[in-house]
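Working notes, structure below.
The values are calculated or read from the model by the stated rules, or taken from the named source; none is laboratory data. Keep in mind that what you see is a predicted model, and the values were worked out from it rather than measured. Note that we place each Cβ from the backbone using ideal geometry, even for glycine, and neighbour counts take in every protein chain shown.
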């Protein structure tokens, strides 16, 4: 039975419509795929731009990674309105005259300079007094040579020649003294002068040759004599009300090692280890025995030590909040920065908070985080999240550790004490590039621990190093105070 013209046209229309619908569906699927790729590319571009925007002022990156694009210095703290320089009441530092000068030169007044007497003679006139001025200058011969002569006599009984004993530290026909060796250790370990530059300095300043072996021997001597000092640090630091912790990587013998620091305002310990986490901390035997506060930058292995209390460095939080506020343009980050700085100012002016005040501060803290959660809802389970979401999670989950400085007097706002102590390690690595051996790195760490501790306790560094080389190092005995 033949189909009518109308039925034929209807069949063709239906077939065409089916193809059209199929085409539309394929185009829609393709469009969805392209939109997904665009969203992924936009997210990738955003992440790359964010990575390029990271620097030492808005993240935990060290200033050495800024390169030529180093940002202008900008403090995270609010303006105080005070003028720069020393504040009223600050003890100034200027050159002061001494009571007993080494040399005194008398400038005699032979003729009168008053201008009224035609310069009459004053040679026989009595001296009424002196106007004094002192000049501090290096001696013409900065290196003195002392010759030790031991008497030789003959025993009246045995007839044998006998000799007097030299001092214990005088053990070679010609040698450098302990103070000179202490100065070489100071210049090498504190000021970072390499061996070859030290030999040049010795030749230029003292007119004497200096071999690298002499400096190495002086460092080894100090390292061996400072073993009791390091043992004392391992006893005192766990007793401190609060200790700052930090670590930084460096090349040792061609491999990555880690320099760990445990710091208080009176004591500093450095340790070098191939590992960064628990294995290193357990070997140094300080953090595992801490029973009070430790302040750090949220390095997770620290939280494995549950016998101590943990507080987090808010300087790190301020840098991360700055990035979220300036690069992601999220207002809650700026509010949280101002909130933390206001809490710090309140503590400086009024002291730590009582229970009622703390609850009020905590409510404000949570209210700011709630605004952030409107932009970044918490995702259950794993999965990568943005920097802002990760920061929010940390601030929520470790609320008490972030705000501990508002309640406990011994807890500092930041971990800057440890960061400042570890800065010298980075300076040394910039100058020398690396440590050739692990033993050499440990020599540096122990001597630096000694120098830093002596400086914190206001001891003369050169005298302290000389005492160490003589076998009588300074051993801290006073109980360490809190930050």
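Helices (runs of 4 or more DSSP H) fully within the range 377-447 that include at least 1 residues being outside the structural domain of residue 347 (by TED's automatic domain parsing) and over 22 Å from residue 227 (Cα atoms): 416-432. Which one is nearest to the chain's Cα centre (by Cα) among residues in the range 96-125 that are surrounded by fewer than 10 Cβ atoms within 10 Å (Cβ to Cβ) and on the phi > 0 side of the Ramachandran plot? So, considering only residues that are surrounded by fewer than 10 Cβ atoms within 10 Å (Cβ to Cβ) and on the phi > 0 side of the Ramachandran plot, the one nearest to the chain's Cα centre (by Cα) is 115.
Using the structure shown, decide if residue 385 is more than 24 Å from the chain's Cα centre (by Cα), surrounded by 18 or more Cβ atoms within 10 Å (Cβ to Cβ) and under 25 Å from residue 45 (Cα atoms). For residue 385, the condition - more than 24 Å from the chain's Cα centre (by Cα), surrounded by 18 or more Cβ atoms within 10 Å (Cβ to Cβ) and under 25 Å from residue 45 (Cα atoms) - is not met. Screening the range 140-235 for helices (runs of 4 or more DSSP H) wholly inside it with 1 or more residues that are at positive phi and touching a strand residue (DSSP E or B) at 6+ places or on another chain (Cβ under 6 Å) returns no ranges. Report yes if residue 183 is more than 44 Å from the chain's Cα centre (by Cα), modelled with pLDDT of 90 or more and either in the same structural domain as residue 221 (by TED's automatic domain parsing) or over 29 Å from residue 435 (Cβ atoms) (or both), otherwise no. Against the criterion (more than 44 Å from the chain's Cα centre (by Cα), modelled with pLDDT of 90 or more and either in the same structural domain as residue 221 (by TED's automatic domain parsing) or over 29 Å from residue 435 (Cβ atoms) (or both)), residue 183 does not qualify. Residues that are more than 28 Å from residue 277 (Cα to Cα) and surrounded by fewer than 15 Cβ atoms within 10 Å (Cβ to Cβ) are absent from the range 294-304 altogether. Somewhere in the range 258-265, is a residue over 14 Å from the mean Cα position of the chain (by Cα), surrounded by 19 or more Cβ atoms within 10 Å (Cβ to Cβ) and modelled with pLDDT under 95? No, because not a single residue in the range 258-265 is over 14 Å from the mean Cα position of the chain (by Cα), surrounded by 19 or more Cβ atoms within 10 Å (Cβ to Cβ) and modelled with pLDDT under 95. Could you tell me whether any residue of the range 469-477 is farther than 26 Å from residue 298 by Cβ and part of a helix (DSSP H, G or I)? Yes, the range 469-477 contains a residue that is farther than 26 Å from residue 298 by Cβ and part of a helix (DSSP H, G or I). Scanning the range 240-254 finds one or more residues that are assigned by TED's automatic domain parsing to the domain that holds residue 475 and without any contact (Cβ under 8 Å) to a residue 40 or more places away in the chain. Among the residues of the range 5-20, is any part of a loop (DSSP other than H, G, I, E, B), surrounded by fewer than 10 Cβ atoms within 10 Å (Cβ to Cβ) and not assigned by TED's automatic domain parsing to the domain that holds residue 327? No - not one qualifying residue is present in the range 5-20.
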